[in-house]
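Contents: one structure, followed by commentary.
What follows draws every value from the coordinates through simple rules; no lab data is involved. As the structure is a prediction and not an experimental result, all values here were calculated from the model. A quick note on method: Cβ atoms are made from the backbone with ideal geometry, for glycine too, and the neighbour counts reach across all protein chains shown.
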Amino acid sequence: MITISLAEIRAQSPCADGWLTVLAAKGGKDADMDARFPLTDIIETNDFDDCLWALRCRPEHNNLWRKYAVWCARQVEHLMTDDRSVAALDVAWRHSDGLATDEELDAARAAAWAAARTTARAAAWAAASGAAWAAASGAAWAAGWDAASDAAKAAQKQKLIEILNAGEWV
């Protein structure tokens with residue numbers, strides 16, 4: 001199980017609202033700043049986003065966090081239309097296992113950003129060309145997107161809880 005302390009959180013300058021919420025949950029002004037507690041507690045007391053933020057407090061697990069980020073991106077890999085984006089995921093995964101260099105990761109990141117810019121330009125042109133269709137179908141698409149987004153976030157949350165409880169990639 002991966003644990004954290006209030007002192008580790010405080011050292012990273014958390015936002016005031018998130019900090020006050022977790023501090024209150026752990027005893028308020030009388031809390032033991034050095035007492036360790038499961039990182040999953042932050043999901044319970046604060047929310048998933050605050051827990052994701054708190055991962056920075058445990059840099060010794062950066063390779064595990066990278067694997068988690070790649071796993072999340074793989075959930076929408078079918079939407080990636082440029083092979084450079086998929087290749088960047090492969091390099092990032094290998095990097096987390098020590099099988100790719102920082103230079104390879106930097107090159108893959110640059111290629112993925114170039115792919116994203118190319119895709120964004122194409123999407124902007126398509127959107128401008130199909131404005132009438134977009135206006136007609138926008139509400140239905142947005143409702144479907146919200147449902148898909150909620151499902152993806154639930155899966156991401158569940159996977160993160162599994163990793164934090166196991167203390168390793170699962």
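Observations on the structure shown:
- In the stretch 7-55, the residues that are assigned to a helix (DSSP H, G or I), of a type in the set (A, V, I, L, M, F, W, C) and either in contact with a Cys (Cβ under 7 Å, 6 or more places away or on another chain) or more than 26 Å from Ala154 (Cα to Cα) (or both): Ala7, Ile9, Ala11, Ile42, Ile43
- Residue match in the stretch 4-13 (condition: surrounded by 15 or more Cβ atoms within 10 Å (Cβ to Cβ), in contact (Cβ under 8 Å) with a residue 40 or more places away in the chain, under 15 Å from the mean Cα position of the chain (by Cα) and within 21 Å of Trp169 (Cα to Cα)): no
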